[in-house]
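Notes to accompany the following structure.
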Amino acid sequence: MKKWMVTASPHVRSGDTVTGIMLDVIIALLPALIAAVRIFGFRALLVVAVSVASCVLTEYVSRKIMKRENTIGDLSAVVTGILLAYNLPVDIPLWMVVFGAIAAIAVVKQMFGGLGQNFVNPAITGRIVLLVSFPTAMTTFAKPLAWAQGADAVTTATPLASLSQIDLGGNIAAQMNSLSLPTMSQMFFGLIGGSLGEVCTVALLIGGLYLWARHVISPIVPVSFIGTVAVIMLIAGKGNFSFMAYELFSGGLMLGAIFMATDYATSPVSRAGKILFGIGCGIITSVIRLFSNLPEGVSYAIMIMNIVTPLIDRVTLPKPFGTVKEKKEKAEA
Amino acid sequence: MKQKLPDEVRKPKARARGGVPVAHKKGTAESPVRRIDPPSQVVIPMLQHIGAPCEPIVKVGDHVLAGQKIGDTDAFLAAPIHASISGTVKAVAPVVTVGGRRIVSVTIESDGKMEHDPANVPPHVTNQEEFLAAVRESGLVGLGGAGFPAHAKLRFPKDAKVDTLIVNAAECEPYLTTDYRECIENSWDILGGIYALLEFFDFKEVVIAVEDNKPEAIETLSRIASTDNKKDNRIHLMALRSKYPQGAEKVMIYTVTGRKVPPGKLPSDVGCAVMNVASVAFLARYLKSGRPLISRTLTCAGSAVKEPSNLRIPIGTQASAVIAACGGFASDPYKMIVGGPMMGFALYDDTVPLTKQNNALLAFAEDEMKIKKERACIRCGRCAEVCPMGLSPVFIAEKLRKTKDPEELQALGAMVCMECGSCSYVCPAAKPLVQNMREAKDMVRGMKKA
């Protein structure tokens, strides 16, 4: 009599794995890495390497201390490492990178139960921790392409910082002309000041399209997030399209909307929830950019919406198939 | 690959949500059904349907004929059981059956004659009541897999106005090709069965539903459907999108009619009846011959089977005899499955008998059945995306881990789950979501009893 393997159904499963999804995200982040190296030099690569290494090591050590299964094989710590580095200026001291990585992985991710259990995005929170701890280092941005000319420590203002000087009550077009902003194509290709992975819009869009094509992310969150910012900026800029475009292509909006707001663990599951989440991110980002003293608000917006996510999930829980009818019947009875 | 379908073939009325693109692997599609020689013995369980088990009405030492009734009950939700070969009753004792339940079964040793019971004569049917009684006597249960007694399915509640009969030929599970062969080989029986049903029921419309990846079946059936003139063009053919679980009853009703069966309700509540295509064809043969359900077609396939084929086997044939009829194993099997790979049951040994509901016996080598490493849930939400019933297994599994509160589980819709396996199939973290759903359902049922 033969004895065979017995398991519950289903007996076949798709080839998708957590590791595979993380690998797809890493692949999608590569164009921005290439752009960062071209724009800011090889130190960009160094920052990414240090960030990834510290994240993976922190994950390994924290799991070890907690006597839990080693999970670095799922590559999620690598993704966090890359994203954290992308949120940092290229000239940031490396020990700060390590500090940010430990905050992101040990505190935000592992202390709350590891992958899938963290309630805020680790990379975003790591960035916020660094921003409030080392505001100067975190807001000193290298001039794009300056490294190639051998010019050391040339810094520049980000377009967002320049834009924040605009008085929205006055003539916006005239004020923008006087600001000596980068050209639109410089904005699009990332030849602007900013964190090392956020500047190159085109590279981030390529990554986003790749993730969409691979069904890793749905476009709902990025579209509703960026769309909301676009609408608000258009209204705030009294219909000035150029003002809106500068707002969209500068700062962390693309990086945040495509790669961080779409983080599974910290964004809603249902379609309706994703739309609400994206709109919420867009509103908070715009409010911070327009009305606060901070030039940028993407990180805070995503973190706040991360916290609201369980509530959004609860109110947008899809109804089981056929439920609507039953309710009608009850109402009739 | 997709051919243009004849014009009269209807398009689905609605697009069902969710589902997964499971590989079809219908390698046996072109293998004609072959009748196997009666095995030396059959083991016939007294429960081969949803409902109450039958009581055996034969005892050890009795000589029985093929088609002779050997089990019956007074319960409404049941179908009588007949001997599938002629021979001597060797044992009446509990046997472990597909799915692991121990069920009283009648073991018959063949006399090699395959003598049919002369009492099996075509039933005399003139009205609906007689028709339903005859259907009960035939022992027919849903041949698609669930095994719902056919007479019970057709006995609609008095106030229900059932206007649509759906003949389910979707066969959405991988590997399975018996319904496909039924369409190709016995298409006139299908039409005959539909005619019989139209005679006794007031269906306004009969829709034969086939997945659009089976052009040959669609062509054959559309020829048949178009010969129907005397029935006021009530018979139609519909080509459905081939996506698992297209053949699931509620999904089928929605795509064919656009009607949604609410949770806890029956198809008749939305005016529909769904019957498997092989069940309908059986009805035609039974009304002509009077021979009850004592054999069925079965796909035997998978990488570990030497000669994958479609077989007609006597009910109660043991798995080992079916494998032997397919040339034995090509390689040492790692896993044996009765039914499709999405909803079927794994076997632990080859003495298990195959029953009325079992449409496939699959044997696989290890490389095809590798178990994915389970990881932490990343909340990707794919389980919710693919759930044809609109549930969010991610939240049900989470609730099960945390509070185990049956009321909350019910509020999340756990009872609506039909265990199609789409969520587990798609889960990148290889979570046992179907088992979670079963556990949740058990807890809700427990609460209702208490």
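The values are calculated or read from the model by the stated rules, or taken from the named source; none is laboratory data. Note that the structure is predicted; figures quoted are calculated from it, not measured. Please note: Cβ atoms are built from the backbone with ideal geometry, for glycine as well, and neighbour counts cover all protein chains shown. Ligands, DNA and RNA are excluded from the accessible area calculation, which covers all protein heavy atoms including side chains. Shrake-Rupley method; radii C 1.70, N 1.55, O 1.52, S 1.80 Å.
Picking from B:PRO267, B:PRO263, which residue would you name as being within 14 Å of chain A (Cβ to nearest Cβ) and closer than 24 Å to B:ASP189 by Cβ?
From the options B:PRO267, B:PRO263, the qualifying one is B:PRO267.
One residue is enough: does region A:184-203 have a residue meeting the conditions over 13 Å from the mean Cα position of the chain (by Cα) and over 28 Å from A:VAL90 (Cα atoms)?
No: zero hits.
Exactly one condition in (1) in contact (Cβ under 8 Å) with a residue 12 or more places away in the chain; (2) not in a helix (DSSP H, G or I) is false for B:ASP232; which is it?
(1)
Out of the residues in region B:251-260 that are touching a helix residue (DSSP H, G or I) at 6+ places or on another chain (Cβ under 8 Å) and either touching a residue at least 60 places away in the same chain (Cβ under 8 Å) or more than 11 Å from chain A (Cβ to nearest Cβ) (or both), which is surrounded by the fewest Cβ atoms within 10 Å (Cβ to Cβ)?
Restricting to residues being touching a helix residue (DSSP H, G or I) at 6+ places or on another chain (Cβ under 8 Å) and either touching a residue at least 60 places away in the same chain (Cβ under 8 Å) or more than 11 Å from chain A (Cβ to nearest Cβ) (or both), the top hit is B:THR257.
Does B:SER84 meet the test of being touching a residue at least 60 places away in the same chain (Cβ under 8 Å), touching a Pro at 6+ places or on another chain (Cβ under 7 Å) and part of a strand (DSSP E or B)?
no
From the set of residues in region A:173-183 that are under 29 Å from the mean Cα position of the chain (by Cα) and surrounded by 12 or more Cβ atoms within 10 Å (Cβ to Cβ), which is nearest to A:ALA85 (Cα to Cα)?
Among those that are under 29 Å from the mean Cα position of the chain (by Cα) and surrounded by 12 or more Cβ atoms within 10 Å (Cβ to Cβ), it is A:PRO182.
What number of residues within region B:53-72 are part of a loop (DSSP other than H, G, I, E, B), on the phi < 0 side of the Ramachandran plot and open to solvent by less than 30 Å² (accessible area, probe 1.4 Å)?
2
Evaluate region B:244-251: report whether one residue or more is in a loop (DSSP other than H, G, I, E, B), more than 15 Å from the chain's Cα centre (by Cα) and over 14 Å from B:ASN359 (Cα atoms).
No: zero hits.
Restricting attention to region B:73-92, and to residues there that are open to solvent by less than 40 Å² (accessible area, probe 1.4 Å) and hydrophobic (A, V, I, L, M, F, W, C), which single residue is nearest to B:HIS116 (Cα to Cα)?
So, considering only residues that are open to solvent by less than 40 Å² (accessible area, probe 1.4 Å) and hydrophobic (A, V, I, L, M, F, W, C), the one nearest to B:HIS116 (Cα to Cα) is B:ILE85.
Filter region B:1-33 down to residues that are basic (Lys, Arg) and open to solvent by 50 Å² or more (accessible area, probe 1.4 Å) and give me whichever is modelled with the lowest pLDDT.
Selected residue: B:LYS2.
Restricting to region B:201-215, name every residue that is under 22 Å from the mean Cα position of the chain (by Cα) and either of a type in the set (Asp, Glu) or open to solvent by less than 10 Å² (accessible area, probe 1.4 Å) (or both).
B:VAL206, B:VAL207, B:ILE208, B:ALA209, B:VAL210, B:GLU211, B:ASP212
So if I check each of B:VAL106, B:VAL135, which one is at pLDDT 95 or above and within 22 Å of the chain's Cα centre (by Cα)?
B:VAL135 is the lone residue from the list that is at pLDDT 95 or above and within 22 Å of the chain's Cα centre (by Cα).
For region B:419-435, name all the residues that are among the hydroxyl-bearing types (Ser, Thr, Tyr) and open to solvent by less than 10 Å² (accessible area, probe 1.4 Å).
Correct list: B:SER422, B:SER424.
Does B:ILE235 meet the test of being in contact with a strand residue (DSSP E or B) (Cβ under 8 Å, 6 or more places away or on another chain) and either modelled with pLDDT of 90 or more or under 30 Å from B:CYS387 (Cβ atoms) (or both)?
When the stated conditions are applied, B:ILE235 does not pass them.
Please go through region B:281-301 and pick out each residue that is open to solvent by less than 40 Å² (accessible area, probe 1.4 Å) and outside any strand (DSSP E or B).
Within region B:281-301, B:ALA281, B:PHE282, B:LEU283, B:ALA284, B:TYR286, B:GLY290, B:PRO292, B:LEU293, B:ILE294 meet the criteria.
B:VAL274 - would you say it is free of Cβ contacts under 8 Å to residues at least 60 places away in the same chain, under 30 Å from B:TYR425 (Cα atoms) and assigned to a strand (DSSP E or B)?
Criteria not met by B:VAL274.
As an exercise: evaluate B:VAL277 against (1) under 18 Å from B:GLU199 (Cα atoms); (2) open to solvent by 30 Å² or more (accessible area, probe 1.4 Å) and give the number of the one condition it does not meet.
(2)
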